[in-house]
1. Looking at 49, 122, which one is farther than 21 Å from residue 29 by Cα and surrounded by fewer than 21 Cβ atoms within 10 Å (Cβ to Cβ)?
2. Does residue 218 satisfy the criteria of being over 20 Å from residue 243 (Cβ atoms), buried (at least 19 other Cβ atoms within 10 Å of the Cβ) and out of contact with any strand residue (DSSP E or B) (no Cβ under 7 Å at 6 or more places or on another chain)?
3. Residues that are within 23 Å of residue 198 (Cα to Cα) and outside the structural domain of residue 150 (by TED's automatic domain parsing): find the strands (runs of 3 or more DSSP E) completely inside the stretch 13-123 holding 3 or more of those.
4. Looking at the stretch 232-240, can you tell me whether even one residue there is surrounded by fewer than 16 Cβ atoms within 10 Å (Cβ to Cβ), in contact (Cβ under 8 Å) with a residue 40 or more places away in the chain and either part of a helix (DSSP H, G or I) or in contact with a strand residue (DSSP E or B) (Cβ under 7 Å, 6 or more places away or on another chain) (or both)?
5. Assuming residue 163 fulfils every condition listed in (1) out of contact with any strand residue (DSSP E or B) (no Cβ under 8 Å at 6 or more places or on another chain); (2) closer than 17 Å to residue 236 by Cβ apart from one, which condition is it?
6. Among 180, 244, 223, which is part of a loop (DSSP other than H, G, I, E, B), outside the structural domain of residue 49 (by TED's automatic domain parsing) and either free of Cβ contacts under 8 Å to residues at least 40 places away in the same chain or in contact with a strand residue (DSSP E or B) (Cβ under 7 Å, 6 or more places away or on another chain) (or both)?
7. Checking the structure you have, find out if any residue of the stretch 133-145 is surrounded by 16 or more Cβ atoms within 10 Å (Cβ to Cβ), closer than 28 Å to residue 200 by Cβ and in contact with a strand residue (DSSP E or B) (Cβ under 7 Å, 6 or more places away or on another chain).
8. Of the numbered conditions (1) within 10 Å of the chain's Cα centre (by Cα); (2) surrounded by fewer than 21 Cβ atoms within 10 Å (Cβ to Cβ), residue 63 satisfies every one except a single condition; which is it?
């Protein structure tokens, strides 16, 4: 969150917890969409909640949106196959939730998916020097994601579009971080929901399938999401059903597998796998003894 100069960290006096405060123009739909999602209680809701809105004391054309402090979803890196499964599950749930409410995000990318990393840093971390303790002086090592309840959130609805029921969803403009979406155009209308589908599938491809071994289970899902012709892409509901089918077929013991980078030398892979197994055993023992 804090890579954006429109966002700053702060501490809530009432709870003593870190929050993020974003400045935005009053005449945008961003606040309305974010507040709408904040009112909906649904386990599939993975949209960052709005805790409070405040007037900007220095600019009457702007307001301040207070949100939970979140950390980049890929920092620290994913380390096991189970981490990937959890991330895909939550982001597909969140996409389905948004689309059910007729909202297209229009800028799905790694920087716009954050996580509540408190389970990884039980003693906290510095809001800017992310690898340091809250005092900013001492380095901290995160706990592994496995076995901890990490929740992922979509953020930044600055480009999002909401469509009333019965209205055909169309948009124009080469917007969003993903420039590989084939149908983006400044003149030819396209379906922004299908753009979301492609962008998320492309994210899975870039972050996981192209980087690591043992990601073959993602290929059928990615293929359904990144077809060049938008009308041939599955919708969010269909993708979630497909993913649940894929996930059921995965061997649960494989969730502990280390993510091995493609091209990793064989000797290095054996060594890293051995270390990963040892660390898993140590962390499992720690969890048993509290």
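The values are calculated or read from the model by the stated rules, or taken from the named source; none is laboratory data. Keep in mind that what you see is a predicted model, and the values were worked out from it rather than measured. Glycine gets a Cβ as well: all are built from the backbone with ideal geometry, and neighbour counts include every protein chain shown.
1. 122
2. Judged against the criteria, residue 218 is not a match.
3. No strands (runs of 3 or more DSSP E) qualify here.
4. Yes; the residues of the stretch 232-240 include at least one that is surrounded by fewer than 16 Cβ atoms within 10 Å (Cβ to Cβ), in contact (Cβ under 8 Å) with a residue 40 or more places away in the chain and either part of a helix (DSSP H, G or I) or in contact with a strand residue (DSSP E or B) (Cβ under 7 Å, 6 or more places away or on another chain) (or both).
5. (1)
6. The conditions single out 180.
7. For the stretch 133-145, residues surrounded by 16 or more Cβ atoms within 10 Å (Cβ to Cβ), closer than 28 Å to residue 200 by Cβ and in contact with a strand residue (DSSP E or B) (Cβ under 7 Å, 6 or more places away or on another chain): absent.
8. It is condition (1) that residue 63 fails.
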